[in-house]
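One structure below.
The values are calculated or read from the model by the stated rules, or taken from the named source; none is laboratory data. Since the structure is predicted, the reported quantities are computational estimates derived from the model, not experimental observations. Positions of Cβ are backbone-derived with ideal geometry, glycine not excepted, and every protein chain shown enters the neighbour counts. SASA here: full protein model, heavy atoms, side chains in, ligands and nucleic acids out. Shrake-Rupley method; radii C 1.70, N 1.55, O 1.52, S 1.80 Å.
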Amino acid sequence: MGSEIPAGPMRVLVTGGSGLVGKAIEHVVQQEGGKLEGEEWIFLSSKDADLVDVVQTRAVFEKYRPTHVIHLAAKVGGLFLHMRENLHFLRNNLKINDNVLQTSHEMGVAKVVSCLSSCIFPDKTTYPIDETMIHNGPPHDSNFGYSHAKRMIDVQNRAYFQQYGHRYTAVIPTNVFGPHDNFNIENGHVLSALMNKTYKAKKEGTPVNVCGSGAPRRQFIYSLDIGRLIVWVLRNYEEVEPIILSVGEEDEISIKEAVEMIAKALDFKGEIHFDTTMSDGQMKKTASNAKLRRYLPEFSFTPLKEAIKMTCDWFENNQDIARI
């Protein structure tokens with residue numbers, strides 16, 4: 001049986017709705033006219049249900065009866081936490097993803113858009129990476145547990161299509177940052193952790209210590225851009241095959257350049273030290289956004305300096321709610 005689009009307005013359930021990307025989608029839906037008349041958007045947090053538990057997952061689906069699901073929920077951490085606890089990240093994320101996808105199937109959800117991560121890409125590969133190359137070799141060893149769990153969403157999507165005709169799909173954002181990110185220095189995303197470090201160093205009059213050489217290169221994308229693109233995917237993207245959501249290859253920058261942009265945004269005039277005894281992780285994972293551009297050639301990404309400045313301003317002005 002194929003996924004029948006239910007008649008009437010969508011009722012969209014967003015798992016992981018209180019996180020970085022969830023908050024961005026909420027902003028797009030509530031503040032930018034992303035919500036159409038009659039639609040209902042429900043943003044779940046871990047307080048509403050522990051999606052590792054199939055009983056709680058089922059209960060929250062029965063409570064809201066979604067027609068569509070955006071699946072963002074995951075057990076995540078920074079590089080060093082992932083390196084220490086690969087099994088923990090593998091098992092918990094496999095359970096979450098299977099619970100959400102199977103419950104969606106059992107309850108007649110028309111479409112699921114899941115969020116993958118650029119860490120799923122093979123470690124040894126040619127660049128730029130595109131959507132056809134996800135399974136061409138093992139991911140980087142530092143967070144292989146999380147990466148394999150995320151890869152399995154793509155495998156499950158294909159299987160749900162083959163067996164049931166469901167149009168479950170996935171997006172693969174590159175390095176997302178923005179308001180409501182995890183700014184924790186130990187386990188936050190790289191840009192946000194560096195913003196917190198720089199903010200503290202400015203307050204305390206100390207140098208900023210950056211883990212690693214600063215040489216790794218990344219494609220950073222502002223969370224509100226990702227929010228806008230995921231809403232587009234939910235409404236308009238019909239493929240089961242995943243789609244990379246990223247700025248272009250030409251917009252990739254080094255961690256060193258990113259730190260300098262953060263220092264400027266926070267008006268930090270002190271020293272920046274690079275601790276080369278610490279791991280760099282993957283040196284690069286350049287992704288191609290050619291597929292996205294075929295669909296949306298005119299989409300305008302927020303310039304990185306502007307996005308970093310807006311995120312730094314948000315962090316400075318929201319110390320009471322920022323995750324630090």
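Across the chain, the longest run free of exposed loop sites, meaning trypsin sites (Lys or Arg not before Pro) lying outside DSSP classes H, G, I, E and B with no more than 11 other Cβ atoms within 10 Å, spans 125-268. Think of it as helices only: each DSSP H run of n ≥ 4 in the chain is worth -39500 (n - 2.57), and spread over all residues that comes to -13000 deg cm²/dmol at 222 nm. Of all the options S142, S223, S279, the one that moves most in a Gaussian network model of the chain with Cα springs shorter than 10 angstrom is S279. Charging the Cβ of each Asp and Glu at -1 and of each Lys and Arg at +1, and nothing else, the dipole of the stretch 33-168 about its Cα centre rounds to 140 debye.
Structure note, pairs K285/K309; K75/K309; K23/K197; K95/K203: Cα-Cα distances above 32 angstrom occur for K95/K203. Quick one: pull the percent of accessible area on the stretch 84-242 belonging to carbon and sulfur, 1.4 Å probe, ligands and nucleic acids left out. Reported share for carbon and sulfur atoms: 51 percent. Listed by chain and number, the aspartates and glutamates placed with their C-alpha closer than 18 angstrom to that of K200 are D181, E186, E260, D267, E271, D275, D313, E316, D320; residues fewer than eight positions away on the same chain are left out.
Between the listed residues A59, V29, V76, the Cα displaced farthest toward the positive end of the dipole of the stretch 10-94, a dipole computed from Cβ unit charges relative to the Cα centre, is found at V76. Note on the stretch 220-261: Kirkwood hydrodynamic radius from all Cα pairs is 12.2 Å, rounded to one decimal.
For the pair the stretch 31-93 / the stretch 195-229, the C-alpha centres are spaced 26 Å from each other. Scattering from the C-alpha atoms of the stretch 73-229 alone, worked out with Debye: what is log10 I(q)/I(0) at q = 0.10 1/Å? Values returned for q = 0.10 Å⁻¹ are -0.42. Each residue of the stretch 209-324 gets 139 Å³ once the volume of the Cα convex hull is shared out per residue. Dividing the convex hull volume of the alpha carbon atoms of the chain by its residue count gives 130 Å³ per residue.
Angle of helix 223-236 to the longest C-alpha principal axis of the chain, folded into 0 to 90 degrees and rounded to 10: 20°.
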